[in-house]
Ligand SMILES: NC(=O)c1ccc[n+]([C@@H]2O[C@H](COP(=O)([O-])OP(=O)(O)OC[C@H]3O[C@@H](n4cnc5c(N)ncnc54)[C@H](O)[C@@H]3O)[C@@H](O)[C@H]2O)c1
């Protein structure tokens, strides 16, 4: 199949590359000339394990190309995927669909008869109808199809998730579109991932419902962890105890500083806006958004409290900045609110992150960015683990203790055990025990 991917960010680049690896002919398009130039030189615009090698392999084998010129590729494509950003619209929290609609308008002038336009971006229910209307307004002389194919990959494990998904969801209103998408995904669906075919609107909503449910799980265990701290229970035990129940499931039950990243924050908000527009009440999701917002600053206050409350002029080493490990994505990372809370209390922050510092520099002020975790901890009053990078799981604890002014660690990801840390003479604060 010949595929065009519009948008070469996290989702477009990973999806396009994996489609090429399935054996399809793929052209990834992006408006950002620098991104495309870099990709053509083999330089990845994002950090994602395994991506660079997979891109190189598929470029070398002639199945994967990068361009800024949609017009050179779209006329030959069997399917044109839209994978552009859908950030929160400034001011009201609705999904900003301007990039999706702009892409639809461009596609309309370029597609061939019978082509399938597939929205892979996360878009509110009904967006496919509008995409279809936009294309039809410039292209009423032949048949084309508009489908939905939401993406469930996780940053940091994106390639594996794409190649071995739990399921593939396609939202199609015509059999022709279903046929093309079935062909495209055959390599994964024959390897036993179920292909769920449904109507376009159901598919659009499935993505938001999935993210809202996962965000709910995170907020649920975070609130349980607060209760654990009050009553002297260990949230790790509770999470294990409930997670082994198949009806609950063990993933997304790690207590921590709250969800962040490029999806859950904006998607929970956008879902609420959709519900409001349709006079439907989503009070659980409303509560989730509120719980998560207050959690992030709450983690900053937890550090202040651990440092004794009188913190003006003190310093903290923040280990980890990205919203989770194995990504360089800083969008809506809890560390942004944590840093702000610490600075508001008069604490100076030294920070280190294995991959996120280039992005963090553009989003944080008056933070000293350091060479490595030990550089960050040198002469500070407290070490805070904010992201669960592997590099922080095996710190040299004696060296850590020697570098800190006080042997104080706040572990917001429960990377260490209390027994281990106290055994090394640390004052140790974790989440939920
Ligand atoms: N990041 C994730 O983990 C993830 C997971 C699942 C779904 N999604 C969804 O996928 C979509 C894309 O997310 P992302 O994180 O990849 O975004 P991103 O910001 O990393 O990438 C979007 C890219 O689209 C390009 N672009 C915008 N308009 C364009 C146009 N008209 N033509 C060509 N290129 C254009 C931008 O230059 C940018 O490179 C969003 O709707 C998001 O919610 C993201």
Evaluate E = 1/(1 + (r/R0)^6) for residue 213 and residue 192, where r is the Cβ-Cβ distance and R0 equals 25 Å; express this FRET efficiency to the nearest 0.05. 0.60
Using only Cα atoms, find the angle between the long axis of helix 200-231 and the longest principal axis of the chain, and express it within 0 to 90 degrees, rounded to the nearest 10. 10 degrees
For region 99-165, what are Rg and Dmax over the alpha carbons, in angstrom? 13.9, 43
In nm², the average projected area of the convex hull spanned by the Cα atoms of region 310-433 is 7.0 nm²
For the chain, I need the span (max minus min coordinate) of the C-alpha atoms along each principal axis, in Å, sorted largest to smallest. 73, 49, 42
Taking only the alpha-carbon positions of region 34-186 as identical scatterers, the Debye log10 I(q)/I(0) at q = 0.10, 0.11, 0.14, 0.20 Å⁻¹ comes out as -0.40, -0.49, -0.81, -1.50
Fewest-first ordering of 322, 327, 362, 341 by Cβ atoms within 10 Å yields 362, 341, 327, 322
Helix 175-189 against the longest principal axis of the chain: what's the angle in degrees, Cα atoms only, rounded to the nearest 10? 50 degrees
Taking only the C-alpha atoms, wrap a convex hull around region 364-433 and report its volume per residue in Å³ as a whole number. 93 Å³
In whole Å, how far is the Cα centre of region 116-195 from that of region 1-36? 14 Å
Expressed as an acute angle from 0 to 90° and rounded to the nearest 10, what is the orientation of the C-alpha long axis of helix 98-108 relative to the principal long axis of the chain? 20 degrees
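Based on the inverse mean of 1/r over its pairs of different Cα atoms, what is the Kirkwood hydrodynamic radius of region 219-345, in Å? Don't skip to the answer; put the middle values down first.
Working: mean 1/r = 0.0612 Å⁻¹.
After inverting the pairwise mean of 1/r, the radius is 16.3 Å.
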What is the spin-label model distance, in nm, from residue 372 to residue 182 if the labels are put 7 Å beyond Cα along the C-beta direction? 5.5 nm
Equivalent ellipsoid, region 68-121 (semi-axes from 5 times Cα gyration tensor eigenvalues, Å): 25, 10, 8
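As a check on your grasp of the helix formula, calculate [θ] at 222 nm for the chain: sum -39500 (n - 2.57) over DSSP H runs of n ≥ 4, divide by the residue count, round to the nearest 500. Can you show the working numbers first?
Details: 17 runs with 192 residues, N = 433.
Taken over the chain, the calculation gives -13500 deg cm²/dmol.
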Convert 10 °C to kelvin, take the viscosity as 1.306 mPa s, use the Kirkwood radius over C-alpha pairs of region 100-241 as Rh, and evaluate the Stokes-Einstein diffusion coefficient in µm²/s, rounded to a whole number. 91 µm²/s
Cα extents of region 129-201 along the principal axes, largest first, in whole Å, come to 40, 24, 18
Of all DSSP beta bridges located in the chain, what percent are antiparallel, nearest 5? 5 percent
For region 230-301: span of alpha carbons on each principal axis (Å, largest first): 42, 35, 25
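Which order results if 331, 230, 427 are arranged by neighbouring Cβ count within 10 Å, fewest first? Don't skip to the answer; put the middle values down first.
On the way: 331 20, 230 7, 427 14.
Lowest to highest Cβ neighbour count: 230, 427, 331.
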Relative to 2.2 N^0.38 Å, what does the C-alpha radius of gyration of region 160-267 come to as a ratio? Two decimals please. 1.38
Rounded to 0.05, the calculated FRET efficiency for the beta carbons of residue 60 and residue 160 at R₀ = 22 Å is 0.55
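Does region 10-120 come out rounded, prolate or oblate by the C-alpha gyration tensor, with a ≥ b ≥ c the root eigenvalues, rounded set by a/c under 1.5 and, if not, prolate when a/b is larger than b/c and oblate if not?
Working: a/c = 1.91, a/b = 1.22, b/c = 1.56.
Because a/c hits 1.5 or more and a/b fails to exceed b/c, region 10-120 counts as oblate.
Each value in this text was obtained by applying a stated rule to the coordinates, not by laboratory testing. Predicted model only: the values in this text are computed from it and were never measured. Don't worry about glycine lacking a Cβ; one is built from the backbone with ideal geometry, like all the others, and counts go over all protein chains shown.
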